[in-house]
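Dropping the structure in here first, questions after.
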């Protein structure tokens, strides 16, 4: 599955190498986690007020 998605991304962009794609995935997951953390914190703050 991982290989298929990597080749899919490579086919669409034609520029990304596997390493770049891997780094971009890590960054995307990190940003999603940051957003989730801020949402959870805001929900906790709203509930405590």
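The values are calculated or read from the model by the stated rules, or taken from the named source; none is laboratory data. If you're wondering where the values come from, they're calculated on a predicted model, not measured in any experiment. Quick reminder, even Gly has a Cβ in these numbers, built from the backbone with ideal geometry, and neighbours come from all protein chains shown.
Quick one: would you say residue 43 is over 14 Å from the mean Cα position of the chain (by Cα) and modelled with pLDDT of 90 or more?
For residue 43, the condition - over 14 Å from the mean Cα position of the chain (by Cα) and modelled with pLDDT of 90 or more - is met.
Could you tell me which numbered condition residue 11 fails, if it satisfies all but one of (1) surrounded by 10 or more Cβ atoms within 10 Å (Cβ to Cβ); (2) at pLDDT below 80?
(1)
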